[in-house]
Every structure is written in structure tokens, then in C-alpha cells.
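Here is the structure we will look at, set down as C-alpha cells.
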């Protein structure tokens, strides 16, 4: 106990050094508090994960991707008017479908894996035999470029949309146009069937997502919330959720951007969540095979980010960023859950 009086005596005898010691001690305590609270200097973030595989062989933009049901083959639509089938395990193109006279903007594989559908800026949709690459038929009717296509889960119908604001339903076996759904007032950018085939969801430049009864073509509901063009739409595999991605829009009355990624209940049309962290155009999004993860691609401050969200908690599960090119396509493999992405630089990346 004699130490305290001696220390006090030394502080009185050397006031300058006393103040120095007190200041240093205060700084140490302050830094400790900052660290505990998560403020102050942070460690440099870990470098983004690298793709497991890169498929290269074409230098132009890749606009669309689709796995076959087994997850063995990967179809890609490209700016050189060609659709390519890749074997990701070997990194090789095994088939090329040539016949369009414009960029192949969308691709879809039939539920049984026997057919490939392609949509193009040349206003046409083509059906091909997947195994041989043989062109089977051309579906004409759109008056503007085709932006998105989707097979109904039973494989009997194909839906297509584009710049003419119309949704067209086709008989896959005959190529006959069954009906045209009208209601959107702007270009329709994306289309998706619900897993049970009951609903058809469409996303448009008119800032809305619309739900239709697939069997009758009757409008069911209009989902309103996006402040700008809606660019992408996807159902979860259990059909309980619908995700939509939109274009960036800065609000005039606030110094922030509105959420471009939204989650809906397709049965009620109710918005469940708006992801405020997403700032750029969401051109593509996809649910993982188990529906636990929703992945989206957006471009912020010149850099593209692929963000994977925990669907239950609505929080970021993983993020991959750093590229300066646009990403137009995201798709999960049905087997193994690998995520594939593609965009402006012509490379297809498969992520772990």
C-alpha cells in the first residue's frame, strides 16, 4: 500500500511527465473502446473469392445462361448471334446453334432437357434439339426484340416477352401462338413461371411486376414498389417467394437511392422486404436450389457486385465484387448449387 503515496509524490514532483502518462493511458483506453464497439481502424477486408472455373472462347457480351436439368451442360446466349452449349467440366463448347440475325438475348432449357429455346434481338424465338443442335422451328410474332423466355414447368408452353410490351404464349409442340397477354405500358424485360405452373410473373419498364393466371391469361395482381424500370424476376423453387430487381433511381427529395431488390409473396401480392443495400441496376437474380440463398448482381460506383443474401434473415451471406463490366446473367446449377455468372467481358464464371 506504500506504492500509491510514492506514485502521487512523483506525479507532484514531475507534472509534465505525469500529464504525458495520463494522456497515453487515455488513448489506450479509447482505442480499446473503439475496437470493442466496431468503430475506429478496421482490418483490410479479405480479397473476394475467385471463381472455381472460367469458360472462355468468345470475347463479346454473354447475355443469358441456362443449365440443363442435370446440371451437366450450360447454354449461353451471346452478342454474335450464336447460342453455345458448354461442358463446364472440360471447359469446352460442345454445340453451337446458328440461325439468329441478332444478339441471342435469352435462353431456356425445357424441363426434360430435350429442347433449347433462344430469343433474339431479331424479334424471333427459335426451338432447337438440345442434343444435336438441330433447329426445329422459329416462332414469329414479336414486333420488337425478344428480352426473356421461359418454359412452363410441364414443358408444353413457352412464354416470351420483349420491347413490344406483350407477353406471348406458345405451344411448344406445334409452334402455334396460343394467346397474347397485354397490360404493361412499357417494355417487358423478364418473365418467369411459378414452379407449379399456375402463375406467370412479368417485369416491365413501367415500374411494375404483374402476376397472371397462366392457364387463362387473366391478370391476377400488379406489384407496385419499384421507382424505376423492373429488369429481372424469379420465383423461389417452393413457389412461396418472388424476387424482383430494378434499375437504379435517385429520389429527388432524398440523398439516397431506393431499393432495387424486392421480395414479394406471390399469393397475396404483398411486399415482404426491400433490400436497401442494393444501389445499382439489378439485371439478374437467382435462388439457390434449396431456396436458402438469393443472389443478385448490381453495379455500384463502376464496380459489379454479386451479393448472396440469406433468404430467412434478409442479410448478406456472401459478396463477390471487383469487376468493372456489367453482369447480365446469374444462374444456379440444379446439381451441386454452383453459381454461374456472365456479362460484358465474354467470360462465364462458375463460383464455389
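Values quoted throughout were computed directly from the atomic coordinates according to the rules given, and no laboratory measurement underlies them. If you're wondering where the values come from, they're calculated on a predicted model, not measured in any experiment. Positions of Cβ are generated from backbone atoms using ideal geometry, with glycine treated the same way; all protein chains shown enter the neighbour counts.
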Next on the checklist: Only counting other Cβ atoms within 10 Å, I'd like 58, 303 sorted with the fewest neighbours first.
Outcome noted: 303, 58
Item to check | Size of the range 173-277 as Cα extents on the principal axes (Å, biggest first) | outcome: 52, 28, 20
Checklist entry - For the range 53-351, what percent of Cα pairs sit more than 29 Å apart? => result 28
Item to check | Using a Förster distance of 30 Å, the FRET efficiency for residue 324-residue 274 (Cβ separation, nearest 0.05) | outcome: 0.65
Next on the checklist: If packing is taken as the average number of other Cβ atoms within 10 Å across a peptide's residues, how do 307-315, 216-224, 98-106 rank, most packed first?
Outcome noted: 98-106, 307-315, 216-224
Checklist entry - Just the Cα atoms of the range 276-352, one point each, no solvent: what log10 I(q)/I(0) does Debye give at q = 0.17, 0.18, 0.22 Å⁻¹? => result -0.59, -0.66, -0.99
Next on the checklist: I need the peptides 193-204, 174-185 ranked by packing, meaning the mean over residues of other C-beta atoms within 10 angstrom, with the highest value on top.
Outcome noted: 193-204, 174-185
Item to check | Hypothetical label at residue 80: residues of the range 88-105 whose amide nitrogen lies under 16 Å (7 Å Cα-Cβ projection) | outcome: 92-105
Next on the checklist: As a footprinting exposure proxy, order 344, 68 by other Cβ within 10 Å, with the fewest listed first.
Outcome noted: 344, 68
Checklist outcome for this item: When 87, 281 are ranked with the fewest other C-beta atoms within 10 Å first, the list becomes 87, 281
Item to check | In nm, spacing of pseudo-spin labels at residue 93 and residue 56 (7 Å Cα→C-beta vector) | outcome: 1.5
Checklist entry - Using a simple spin-label model with points 7 Å from Cα along the Cα→Cβ vector, what separation in nm is obtained for residue 267 and residue 114? => result 3.4
Checklist entry - What FRET efficiency, computed as 1/(1 + (r/R0)^6) with R0 = 45 Å and r the Cβ-Cβ distance, is obtained for residue 70 and residue 222, rounded to the nearest 0.05? => result 0.75
